[in-house]
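The values are calculated or read from the model by the stated rules, or taken from the named source; none is laboratory data. This structure is a prediction, so every number in the text was calculated from the model and none was measured. Backbone-built Cβ (ideal geometry, glycine too); neighbour counts: all protein chains shown. Heavy atoms of the whole protein, side chains included, go into the accessibility calculation; ligands, DNA and RNA do not. Shrake-Rupley method; radii C 1.70, N 1.55, O 1.52, S 1.80 Å.
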Amino acid sequence: MININVLNDYFMRYLFAKEGHENILKNLINSVRADYNQEPFEDIKVLNTFNLKESINDKQSIVDVRAVTKSGDTVLIEIQRVGNQSFVYRSLYYWAKGYVANLRNNEKYNDLKQVIVINILDFNLLKGIDKEHSCYMIKELETNHILTNHFEMHFLELPKYLASNSSLKDELYAWFYFLTLKEKQTKMEEVMEILVKKNPIMKEVYDEYNKFVNTKDLFENYAEYEKNYFDILALSEERRLGIEEGIIKGREEGIKEGIKETQISMAKNMKNDRVDLNTISKYTGLSIEEIKNL
């Protein structure tokens with residue numbers, strides 16, 4: 001069997017956002033929420049369904065998967081392979097956009113619904129927290145009273161799972177294991193029997209994985225997406241290095257200009273005091289010709 005990076009956005013959207021894959025998506029969402037003893041959802045509908053021909057350029061400021069529950073709650077799923085602390089604010093922005101979108105014309109504030117954000121991260125984001133799954137809500141600091149369930153944000157940090165002895169519930173453990181197969185350098189067929197015992201949905205996941213890697217158009221689009229992804233990363237790195245180099249050069253030029261201004265000011269004052277040109281040149285570093293032109 002061909003091994004792929006399952007965190008590739010194209011494959012992730014195929015797995016979770018393709019029409020007919022609602023049970024797989026629902027299982028992921030419910031597994032994440034059950035890890036914090038939250039109620040499962042009965043039905044999930046994907047709002048931005050997978051398109052065979054979609055490319056990396058189609059993704060701009062939208063989340064990977066946007067779904068709605070039977071009760072009207074919104075679930076946003078974002079898969080991010082590289083990032084830094086600014087991702088926290090990006091995730092808050094996505095939540096805010098999703099929350100505002102809930103309120104239609106002529107509706108009241110109490111018509112707003114819950115928005116749940118699930119972030120699957122291939123990097124460590126939350127400093128000082130070792131556990132691989134963190135959930136945030138709006139609470140009163142002293143009493144822990146939850147103000148509202150409308151804000152619910154999950155962070156699944158895959159490297160922390162790899163570096164620790166996991167205490168996740170079986171269903172979510174299976175998902176973490178599946179999402180880190182590449183890092184474990186484990187072939188899927190070798191571990192699938194174990195994962196199915198922990199979470200039966202893994203049988204469907206395995207079947208869809210096989211279908212994906214053995215479908216020419218899907219696999220070719222995956223490969224193209226992966227290539228374009230790394231091209232964009234390389235360009236971003238070049239741009240970052242270019243900006244840093246420009247800042248350094250700018251600082252150096254600024255320092256030089258500041259020194260020059262100080263030399264000129266000092267030379268003018270000495271010249272006004274009728275100090276001879278050679279002495280001015282000695283203490284300012286300016287040439288005789290420069291001093292004469294002041």
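Structure data summary
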quantity	calculated
Rg in Å to one decimal, and Dmax rounded to a whole Å, for region 33-186 via C-alpha atoms	16.5, 54
Within region 104-213, percent of DSSP bridges classed antiparallel, to nearest 5	45
Highest average packing first - 100-111, 8-19, Cβ atoms within 10 Å	8-19, 100-111
Local electrostatic count at Leu103 - Lys and Arg +1, Asp and Glu -1, tallied over other residues with Cβ under 11 Å	+1
Probe 1.4 Å, accessible area per residue of region 1-108, Å²	51
Neighbourhood net charge (13 Å Cβ-Cβ; Lys/Arg +1, Asp/Glu -1) for Val196	-4
Packing rank of 136-149, 160-173, where each peptide gets the mean count of other beta carbons within 10 Å, highest leading	160-173, 136-149
For region 79-129: relative contact order, % (alpha-carbon pairs under 8 angstrom, 6 or more apart)	58
Relative packing of 215-221, 117-123, which averages over residues the other C-beta atoms within 10 Å, highest first	117-123, 215-221
With every protein chain in place, region 139-202: carbon and sulfur % of accessible area (1.4 Å)	48
Rounded accessible area per residue of region 149-221, 1.4 Å, Å²	50
Surface share of carbon and sulfur [accessible, 1.4 angstrom probe, percent] for region 69-126	51
Distant-in-sequence amide H partners of Glu132 (H built 1.01 Å from N, under 5 Å)	none
